[in-house]
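Report on the following structure.
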Amino acid sequence: MDLNQSDHQLLGKEDSSPSMAQFGQELQLGNGVKKPSPHSLLLQHFAIPHNSSSPAADISETSSTGSPFYSEFGISSERYSSLQRALYWAGPDRSITNVYMSTSPVHSTFIIQNLKDSYQIGEELNVTIHAKDFKNKGKPYGGDFFQAKLFSSKKASVFGEVVDLLNGSYSVRFLLPWVGQAQVAVRLIHSSEAVQVLMNHRDTDSDRVFFYGYFEGPGLNGSRLNETVKCNVKWDKNGLERMGKNDCCCEYKDSRNGEQWRCQKPQTLPCNARLYHSLGGYIKRLTAQEATNPANKGINGQKSIINILPSNESVDVREKCRPGVHSPVPAGFYLNDVWTSFVCKTRQFTHQETTRCLKDKHIYMMGDSTMRQWFEFFLNAVPSLKQMNLHVQYQAGPLLAVDVENNIDLHWRSHGLPLRSRKTEVANLHYISNEIDDLAGGPHTVIAFNLGPHFTTYPLDVFTRRVLGIRKAVVDLLQRAPETTVIIKTVNTGNKDLFGSDWYSLQLDRILRWAFQDVGVYILDVWQMTACHYNKEKIHPGPVIIKNEINIFLSFICPE
């Protein structure tokens, strides 16, 4: 996502990351690290029964036939209900009348349970978070969005699994994966009250990010007419109905996947004169009370040094990377800026090894600008790759690079509308599902895509429908060409504002994992990789993180 409102921090300013203690002991990867138990991010966060319902469960959009939209994609009501359970988020059990009743990052604390003088590598560390309000009173209900990590000064860190106990307390589980020392860091990303604000704005203000459509056509005496109007996703509720009703708009329904877009009608030009698209702008509709609750703040807790010693246990051999392997929690850890995966056996690739891995491959990358970062990485990592000038708007693509000597062609293009980009040709905005449908596939074809940040302001069913359309295209592709490699990059952390909060991203991430959990694809879990790294979070991860993402990507393609 290129054009985001970084200056609009939701409910307060972003705090800097906690500083690392200066540990003297050298860190090293121990021989006793075991692959963690397969906890799933899909159902992570809440200690609720599996038959609990979600407030969102009754608001799914219906198709033109009157059936739920998901039935078009072969999804049963039972399976869709499982998604609603995964998306469940608790909230306040009482009316919130002032900001002092919300969770305070200053007064909330965490403690380490049964702290020992030392631990062995591979053991677990358990932490409890106690949420308190601005009057230092314990919170009696859950719904706060905390993120936790274990870190050290030697560029080592690991993601912590936070579970809401629904009573104002939260448990955190850490695996201790390196030999050396470590500390715990916990951040309050959003209070439970702020999450309700985010949810409310998603339900009522989905038009707070809007777009422009540019229409051009012939005028008098050889002149050209130009008109610019507002555009957005076609959706008749959640605030998107404010675009207008009846004959207000030009409607654009994709004949292949059914995705719908609409623009206000130009005064003189016809609907088929739309040539260009761009981001229009952001509308901030926070009340004064909503804007006073701090976001993304570290909370106080035990700063004890965790001493981690070697273990005599043998190493569990990690399995070779293959499609369908699920991400555990944690999915891996950083040590000296190198990510060690617990998903499957990965390795570090040199420039020469990268070229050999990509040799004779057609690589199609689709998504947002965080996927375009991969395209840019390969241009630097493979000197023989030369980018072609396709004379297009760079933010939206398509982009192409070729290596004739090694028979490599590398493609990137955006995921289509909605897209927060500079002015670009509408003809170059293709939906991912249509692109996949047009590929023959096969053993020399690699497809990688991501989806998320440009959908954060929309109702969840808008994103769900898009993802299910892509899922259908992937299933069809793997049926006709089962040797095709398909890789999905999950949503990453980095946004903390009203238009792209990590809480929004987490919900989209769960939808993506839910949709593809039973499809034979690779899932590259960048959520944990971005959440626990020491770099200050931003929507575009830094070079160190991108390099580690690429090493996993290449390990999927070339596991040996």
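Miscellaneous remarks
- Across Lys149/Lys423; Lys116/Lys496; Lys116/Lys149; Lys149/Lys345; Lys320/Lys472, pairs whose alpha-carbon gap is larger than 29 Å: Lys149/Lys423; Lys116/Lys496
- At a probe radius of 1.4 angstrom, the accessible area of the stretch 186-318 per residue rounds to 49 square angstrom.
- The stretch 146-282: relative contact order in percent, alpha carbon pairs under 8 Å with at least 6 residues between: 21
- Contour excess over end-to-end distance, with Cα ends at Lys538 and Arg356 and 0.36 nm allotted per residue: 62.3 nm
- Here, the stretch 93-192 yields an orientationally averaged convex hull projection of 6.7 nm² when only Cα atoms define the hull.
- Cα pair distances exceeding 22 angstrom across the stretch 382-527, given as percent: 45
- Gain in span if fully extended, Asn312 to Asp409, counting 0.36 nm per residue against the direct Cα distance: 30.2 nm
- Two-decimal Rg to Rh for the stretch 219-296 - Kirkwood Rh, Cα set: 1.12
- The stretch 128-148-the stretch 72-98 distance, computed between alpha-carbon centres (Å): 22
- FRET E, pair Ser95, Ile283, Förster distance 25 Å, beta-carbon r, rounded to 0.05: 0.40
- Approximating the spin labels as points 7 Å out from Cα along Cα→Cβ, the Lys135-to-Gln302 distance works out to 3.0 nm.
- Over the chain, the pair-distance histogram of Cα-Cα distances with 20 Å bins from zero comes to 20, 54, 24, 2, 0 percent, rounded to whole numbers.
- Across q = 0.13, 0.20 Å⁻¹, the stretch 118-171 modelled as identical point scatterers on its alpha-carbon atoms has Debye log10 I(q)/I(0) values of -0.43, -0.79, in the order of the q list.
- Portion, in percent, of the accessible area of the chain that falls on carbon or sulfur, probe 1.4 Å: 49
- Convex hull of Cα atoms in the stretch 494-560, direction-averaged projection (nm²): 5.4
- What separates the Cα centres of the stretch 481-534 and the stretch 195-263 is a distance of 27 Å.
- Set of aspartates and glutamates near Lys137 by C-alpha distance (under 19 Å), chain-local residues within fewer than 8 positions excluded: Asp93, Asp164, Glu193
- Measuring nothing but how far apart in sequence close Cα pairs (under 8 Å, 6+ apart) lie, relative to its length, the chain scores a relative contact order of 19 percent.
- Normalised by 2.2 N^0.38 Å, where N is the number of residues, the alpha-carbon radius of gyration of the stretch 340-466 equals 1.13.
- Accessible surface area normalised per residue over the stretch 453-560 is 23 Å², counting heavy atoms of protein chains with a 1.4 Å rolling probe.
- Taking 0.36 nm per residue of separation and subtracting the Cα-Cα distance, full extension of the segment from Arg422 to Asp247 would add 60.2 nm.
- Span-like helix check, the chain: qualifying full DSSP H segments, with Cα axial length of 24 Å or more and mean Kyte-Doolittle of -0.5 or more, are 460-480.
The values are calculated or read from the model by the stated rules, or taken from the named source; none is laboratory data. The structure displayed is predicted, hence computed values, not measured ones. So basically every Cβ, Gly included, is an ideal-geometry build from the backbone, and we count neighbours across all protein chains shown. Accessible surface areas use protein heavy atoms only, side chains included; no ligands, DNA or RNA. Shrake-Rupley method; radii C 1.70, N 1.55, O 1.52, S 1.80 Å.
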